[in-house]
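Since the structure comes first, as C-alpha cells, the remarks are kept for the end.
The values are calculated or read from the model by the stated rules, or taken from the named source; none is laboratory data. Note that this is a predicted model, so its numbers are computed, not measured. Neighbour counts are summed over all protein chains in view; Cβ atoms, including those assigned to glycine, are modelled from backbone coordinates with ideal geometry. In case anyone asks, the SASA skips ligands and DNA or RNA and just uses the protein heavy atoms, side chains included. Shrake-Rupley method; radii C 1.70, N 1.55, O 1.52, S 1.80 Å.
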Amino acid sequence: MSLVLILLIVAVVLVLVVIGIYNRLVALKQNCNQAFADIDVQLKQRHDLIPNLVETVKGYAAHEAGTLEAVIKARNAAVTAERTGDPSAMGAAEGVLGAALGRLIALAEAYPDLKANTNFQQLQAELSDIENKLAAARRFFNNAVGEYNTGREQFPAVVFANMFGFGPRVFFDVGEDQRATLDQAPQVKFN
C-alpha cells in the first residue's frame, strides 16, 4: 500500500511540475507577443507619418525625386514585411527604411527653407519621438525573446518545450546595413 501511495505522490508532483513548466512557457510567450505588438504599434505610427513627411519635403526639394522615391519604396517594403509578422524580415525592411529616412532628413541641411518650415519641424519631432519609442519597444521585445528562449532551453523545460510546441523565437534585428550605419558616430558640422 505504501508503494502505491509513493508512486501516486511522485506522479502528482511530476504532473504539477509539468503544469508549472507549461504555464511559465505560456507566460513568457505571451510577454513576447505583447512586446511584438508594441513594436507593431510604433511601426504603424512611423509608416503613417512618412507620407506626410515626404509631401512636405516634395514642396521644397522637388528635384530630389530619387531620395523621395527611395523612402516611399522602403516604406512600402516595410509595410509588406510587417504583414508577414516575421521579426527578421521586418527588422531588415525597417533597417532599409531607417537609412532612407536618414537621407531624407539630411536633405533639410541642403534646404534652409525646408529646415525652417514648422510643418517639417513638427513632423521631424514626431518621427524622432516615434524612433525613440520604437527603439525602446525593440529592446523590450528582444529582452522578452531572450527570457523566453532562455526559459525554454533550461532544464527541465527543454524536455517539454518542443513537445508542447514552444519553438525558439527570433530577435528583432535591424540588419547588417543599418547596424553599420548605427555603429558610425554622427558627424557634426558647423557652418
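Taking residues in segment 36-59 that are within 16 Å of S128 (Cα to Cα), and partners anywhere that are among the aliphatic types (A, V, I, L, M) and open to solvent by 20 Å² or more (accessible area, probe 1.4 Å), the pairs with Cβ atoms closer than 7 Å and at least 6 places apart or on different chains are H47/V79; V54/I72. Scanning segment 102-112 for residues that are of a type in the set (A, V, I, L, M, F, W, C), open to solvent by 30 Å² or more (accessible area, probe 1.4 Å) and touching a residue at least 40 places away in the same chain (Cβ under 8 Å) gives a single hit, A110. Please indicate, with yes or no, whether at least one residue in segment 113-134 is without any contact (Cβ under 8 Å) to a residue 40 or more places away in the chain and either of a type in the set (V, I, T) or touching a Gly at 6+ places or on another chain (Cβ under 9 Å) (or both). Yes, there is a match, as at least one residue in segment 113-134 is without any contact (Cβ under 8 Å) to a residue 40 or more places away in the chain and either of a type in the set (V, I, T) or touching a Gly at 6+ places or on another chain (Cβ under 9 Å) (or both). Can you pull out the residues in segment 1-49 that are basic (K, R) and touching a Phe, Trp or Tyr at 6+ places or on another chain (Cβ under 9 Å)? Answer for segment 1-49, where residues must be basic (K, R) and touching a Phe, Trp or Tyr at 6+ places or on another chain (Cβ under 9 Å): just K29. Taking the criterion of being among the hydroxyl-bearing types (S, T, Y) and more than 19 Å from P87 (Cα to Cα), the residues of segment 111-148 that qualify are Y111, T118, S128. Residues that are touching a Phe, Trp or Tyr at 6+ places or on another chain (Cβ under 9 Å), open to solvent by less than 40 Å² (accessible area, probe 1.4 Å), in a helix (DSSP H, G or I) and more than 23 Å from Q34 (Cβ to Cβ) within segment 57-101 comprise just one, V57.
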